[in-house]
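Q: I have a structure here, written as structure tokens, and I will follow up with some questions on it.
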Amino acid sequence: MKIITYNVNGIRSAIKKDFLGWLAKEQPDILCLQEVKASPNQVDLAPFADMGYSPYWHEAEKKGYSGVAVFSKIAPVAVTYGMGHPKYDAEGRVIKFDLPDFSILNVYMPSGTTGEVRQQFKYEWLDDFKGYLQDLKQRQSGLLIGGDFNIAHRPIDIHNPVSNKKSSGFLPEERAWMDCLFNDGFVDLFRQFHNEPHRYTWWSTRANSRAKNLGWRIDYWVADTALRPRIADCDILQEAMHSDHCPVSVKINL
């Protein structure tokens with residue numbers, strides 16, 4: 001099974017950049033999108049249906065903002081929209097997509113780059129999302145988490161760790177949260193298969209950053225240790241150019 005996560009930074013914008021042509025070539029079994037910035041009725045879903053995908057959509061209350069969606073060729077056992085916290089669920093940040101023997105969390109974590117108010121909101125999210133994961137772990141095993149975490153974990157995951165040490169997305173508290181995640185029964189799947197530097201998933205739109213590969217790795221696939229033995233591969237698809245992010249794929253043995 002191939003599953004792809006992709007922050008498209010506006011699904012309507014991505015479609016104008018031949019996103020559908022890319023999808024027809026990649027043909028993942030399940031596609032997890034973040035920052036769709038649209039309602040389902042604002043998107044022509046017929047091309048997705050023609051490729052065999054059914055949509056599952058969690059939009060933000062604010063129009064043109066945030067939002068996550070899952071497009072799947074596989075019927076789920078259950079789908080849960082949000083994580084039971086109204087202030088986050090109003091922003092359309094989580095879909096839990098249950099399959100017979102494991103569950104996918106499609107997650108768009110908050111950014112703190114617009115100022116202190118949103119950075120505090122991000123810290124609150126990290127605390128509450130950690131509790132949400134701990135509750136899930138007690139009830140089930142086989143968790144696969146994909147999406148935009150808005151955190152670069154280690155110096156290898158960012159083009160200039162020294163100059164960015166006080167930047168939101170690479171702050172010590174955020175990186176420590178990632179340490180806790182990976183010390184609490186979860187695995188960073190890309191780093192299970194790739195130890196090389198200069199592999200990023202997001203680039204600033206300024207200063208020709210993408211052409212120079214001055215990026216951050218902030219999009220992840222994370223699995224619990226129960227699911228890890230079934231993971232066959234995880235890779236960054238850097239050639240996809242529909243967003244300021246690029247997709248990350250994971251392959252799971254059935």
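The values are calculated or read from the model by the stated rules, or taken from the named source; none is laboratory data. If you're wondering where the values come from, they're calculated on a predicted model, not measured in any experiment. So basically every Cβ, Gly included, is an ideal-geometry build from the backbone, and we count neighbours across all protein chains shown. Heads up: the accessible areas ignore ligands, DNA and RNA and are worked out on the full protein's heavy atoms, side chains in. Shrake-Rupley method; radii C 1.70, N 1.55, O 1.52, S 1.80 Å.
Q: What area, in nm² and to one decimal, does the C-alpha convex hull of the stretch 1-96 cast on average over all directions? Before the final figure, lay out the partial values.
A: Details: hull surface 23.5 nm².
Taking a quarter of the hull surface, the average projection is 5.9 nm².
Q: Same structure, new question: If you build the Cα gyration tensor of the chain and take the root of 5 times each eigenvalue, what three semi-axes come out, in whole angstrom, biggest first? Walk me through the numbers before you get to the answer.
A: Working: eigenvalues 116, 94, 75 Å².
Each semi-axis is the square root of five times an eigenvalue, giving 24, 22, 19 Å.
Q: Roughly how many percent of the accessible protein surface of the stretch 138-232 is carbon and sulfur, given a 1.4 Å probe and a whole-percent answer?
A: Working: 2210 of 4330 Å².
Carbon and sulfur: 51 percent of the exposed surface of the stretch 138-232.
Q: What is the percent of Cα-Cα separations in the stretch 153-195 that go past 15 Å? Provide the component values of the computation, followed by the final result.
A: Values: 416 of 903 pairs.
Percentage above 15 Å: 46.
Q: Now, a different point. Largest first, how would R139, R175 line up by accessible area (1.4 Å probe)? Please list the in-between numbers first.
A: Numbers: R139 165, R175 70 Å².
The ranking, largest first, comes out as R139, R175.
Q: Using a 1.4 angstrom probe with every protein chain in place, what is the largest-first accessible-area order of M1, M241? The partial results should precede the final answer.
A: Working: M1 45, M241 115 Å².
Sorted by accessible area, descending: M241, M1.
Q: How large are Rg and Dmax for the stretch 100-183 when calculated on the C-alpha trace, in angstrom?
A: Over the stretch 100-183's Cα set, Rg and Dmax evaluate to 13.9, 45 Å.
Q: Of F182, S167, L237, which is farthest on the positive side of the dipole of the stretch 149-254, counting Cα position, with +1 on Lys and Arg Cβ, -1 on Asp and Glu Cβ, and the Cα centre as origin?
A: Positive-end residue among those listed: S167.
Q: Hey, what's the chain come to in accessible area per residue, 1.4 Å probe, Å²? Walk me through the numbers on the way to the answer.
A: Numbers: 10840 Å² over 254 residues.
Using a 1.4 Å probe on heavy atoms only, each residue of the chain averages 43 Å².
Q: Based on the Cβ-Cβ distance of V79 and D233, what FRET efficiency does E = 1/(1 + (r/R0)^6) give at R0 = 30 Å, to the nearest 0.05?
A: Working: r = 26 Å, r/R0 = 0.86.
For R0 = 30 Å, the calculated efficiency reads 0.70.
Q: Can you give the translational diffusion coefficient of the stretch 156-254 in µm²/s, computed by Stokes-Einstein from the Kirkwood radius over Cα pairs at 10 °C and 1.306 mPa s?
A: Details: Rh = 14.6 Å.
It diffuses with D of about 109 µm²/s by this estimate.
Q: Shifting gears a bit: Mind checking which of I151, I231, I218 has the largest fluctuation in a GNM of the chain, springs on alpha carbons under 10 Å?
A: With Cα springs under 10 Å in the chain, the top fluctuation among I151, I231, I218 is at I231.
Q: What do you reckon, how do C246, C180 stack up by accessible area (1.4 Å probe), largest on top?
A: Working: C246 0, C180 65 Å².
From most accessible down to least: C180, C246.
Q: OK, next. At 222 nm, what value in deg cm²/dmol follows for the chain if DSSP H runs of at least 4 each add -39500 (n - 2.57) and the sum is divided by all its residues, to the nearest 500?
A: On the way: 7 runs with 63 residues, N = 254.
Taken over the chain, the calculation gives -7000 deg cm²/dmol.
Q: Quick one: how many lysine pairs in the stretch 12-68 have C-alpha atoms under 18 angstrom apart, if they're 8 or more apart or on different chains? Walk me through the intermediate numbers first.
A: Numbers: K16/K25; K16/K37; K17/K25; K17/K37; K37/K62; K37/K63.
Going through the stretch 12-68 pair by pair, I get 6.
Q: While we're looking at this one, here's another question. Can you find, among Y6, I252, A223, the residue sitting farthest towards the positive end of the charge dipole of the chain, where Lys and Arg contribute +1 and Asp and Glu -1 at Cβ?
A: It is Y6.
Q: Dipole magnitude of the stretch 38-128 about its Cα centre, charges +1 at Lys/Arg Cβ and -1 at Asp/Glu Cβ only, in debye to the nearest 20? Mind showing how you got there, number by number?
A: Values: 8 positive and 12 negative charges, 28 e Å.
The calculation lands at about 140 debye.
Q: OK, next. Counting residues in the stretch 54-143 as N, plug N into 2.2 N^0.38 Å and put the Cα Rg over that result. Could you put the intermediate results ahead of the total?
A: Values: Rg = 13.8 Å, N = 90, 2.2 N^0.38 = 12.2 Å.
Taking the Cα Rg and dividing by 2.2 N^0.38 Å, one obtains 1.13.
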